[in-house]
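The values are calculated or read from the model by the stated rules, or taken from the named source; none is laboratory data. Quick caveat, the model's predicted, so the values are computed rather than measured. Cβ atoms come from the backbone with ideal geometry, glycine included; neighbour counts cover every protein chain shown. Only protein heavy atoms, including side chains, enter the accessible area calculation; ligands, DNA and RNA are left aside. Shrake-Rupley method; radii C 1.70, N 1.55, O 1.52, S 1.80 Å.
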Amino acid sequence: MWPFNKLSKKSVGLTDGSLALLIPSHGSINVFKSFLKGGLLRVDHRLAYTLHDKAAPLANATNRIADAIAQLEPFVVDEDGIKVDESAVLDTLNDPGFGQTRTEVVQDFVLAFLLTNNAYWITDRFKKTLRVPKPFNVGLTANVRDSYVDEYCVTSQNGASRATFNRQPDWKFLDRLNNELLHTKTKTRNDGLEGRSPIEPIFTDVGQRISGGAHNLALLTNGLRPTGNLSTDETLSDDQYARLKEQIEKQHAGAENAGSFLITEGGLKYVDMAKTNREMDYVKVIATSSEAIAQAFKVPLPLVATTAQTLDNFSQATLSFYDDAVFPTAEIVFHSIEKILGIEEGFRLTFDKNEVPAIRMRRLQEADTKHKIGAFSDNETRVDLATEPYEGGDAIFKPANLIAVGADDGALDDGEIEGDAKEFIILCMAEGMTRVKAAVLWCQLNE
């Protein structure tokens, strides 16, 4: 399948180093144990996806962002910000080919970017198709002269075919059919070749969330308290001690064996040391690790923790979610689409933030506040509502009955006003109106 080529019999005999490049290590949850011992870990791309599938808070945070970005409606504007009706970029984005929709390819790209900080677009020479390979199916080779990427090798999902994209003088990466690959990354490692997964700083929290959930499930299944003491009155030989320790670690230690019944032999006695699970409160561990994962991806807690939700802070959290998590990532995604599909100079691909319901409500509230305080004209307020100005709307209006602070009601004495005006003012004052306000009202009625 495009853009892959069938592997020849000759190319099947790859070296171990090439296989490592093309097929990154799968990783597993057992890596967490090695991390606890060694303290350092590089989360490879496949492991990032594995953790996504195992840790619900990680999946919830990244999927929430990916879904929100995929729902944004893209459009093209010129250098004056005027929307363009037709664009080849929009045509390809809305119909990327290979039976996929725009929503699907954007979701795939955003999820790859969030999990690994490495996301890839591939398009054909005519810019008519667009696809997103999984990061763990992409390997790169650095040039020994300048240490920058010299080529990308993309394998198909089943590993039966591959495509190689070589660096060109203009720093584009093309294969032999002139299909193009674009690598998008932000925070890179020391070598600058690949992005650094945002999961690495929170790997402990992700591991705790997975292990804590497995431990709790095992406790419910096996039904025994988790702490106790195993003792014997006799002295064990080194071989006996080693065998017993190995047996306990294999059959009774770890989340998968939590709460399993211990069968002893040879005078061994098991003594329960605790009546509750207070010493290993996995409920709190799960809660705190879930919060740490959400915060790492800038998803506000009221959106993920019911205990932190009220009607008001849920609304504010939704605004923060779009401002801090969705819109910055969406700008990176849309800019990368511009680059891979080659938008014309002076044009750009963008989206309307005001189309998001939460943002639209905030703009309405801001416009209402401007209108009430009377410091802005109608046209200035209409800018916040994305509405066209109207002729004469630049004037700022104030209520006619306002007077200066400290104004003297006696400034207009009976000698200054005669006739009908005087009678009108007297009647108004009888109704509770001040002399100045009554005089102003008379003037307005007789203009």
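Calculate the spin-label point distance for Asp238 paired with Asp95, positioning each point 7 Å from the Cα along the beta-carbon direction, and give it in nanometres.
The modelled label-to-label distance comes out at 7.6 nm.
Work out how much length Phe347 to Asp368 would gain on full extension: take 0.36 nm times their residue separation and subtract the Cα-Cα distance, in nm to one decimal. Mind showing how you got there, number by number?
Numbers: separation 21, 0.36 × 21 = 7.56 nm, distance 3.34 nm.
Stretched fully, the Phe347-Asp368 segment lengthens by 4.2 nm.
Please list His52, His335 from largest to smallest accessible area, probe radius 1.4 Å, with all protein chains kept in place.
Accessible-area ranking of His52, His335, largest first: His335, His52.
Give me the percent relative contact order of the stretch 35-168, please, defined on Cα pairs under 8 angstrom at least 6 residues apart.
17
Can you pull the one-decimal nm distance between simple spin-label points at Cys443 and Leu193, each 7 Å off the Cα toward Cβ?
8.1
Counting only protein chains, not ligands or nucleic acids, how are Ile337, Ile373 ordered by accessible area (probe 1.4 Å), most first?
The ranking, largest first, comes out as Ile373, Ile337.
Which pairs break 28 Å Cα to Cα here: Lys339/Lys370; Lys83/Lys134; Lys134/Lys250; Lys134/Lys187; Lys83/Lys187; Lys83/Lys372?
Result: Lys339/Lys370; Lys83/Lys134; Lys134/Lys250; Lys83/Lys187; Lys83/Lys372 exceed 28 Å.
Take the Cβ-Cβ distance between Thr288 and Asp323 as r, set R0 to 22 Å, and report the resulting FRET efficiency rounded to the nearest 0.05.
After rounding to 0.05, the efficiency reads 0.30.
What is the local net charge at Glu104, summed over the other residues whose Cβ is closer than 15 Å to its Cβ (Lys, Arg +1; Asp, Glu -1)?
Net of charged neighbours comes to 0.
Where the eigenvalues come from the Cα gyration tensor of the stretch 294-381, what are the semi-axes √(5λ) of the equivalent ellipsoid, largest first, in whole Å? Please list the in-between numbers first.
Working: eigenvalues 161, 123, 11 Å².
One finds semi-axes of 28, 25, 7 Å for the stretch 294-381.
Kindly sort Tyr390, Tyr152 by accessible area of their heavy atoms, largest first, with the probe set to 1.4 Å.
Details: Tyr390 90, Tyr152 10 Å².
Ranking Tyr390, Tyr152 by accessible area, largest first, yields Tyr390, Tyr152.
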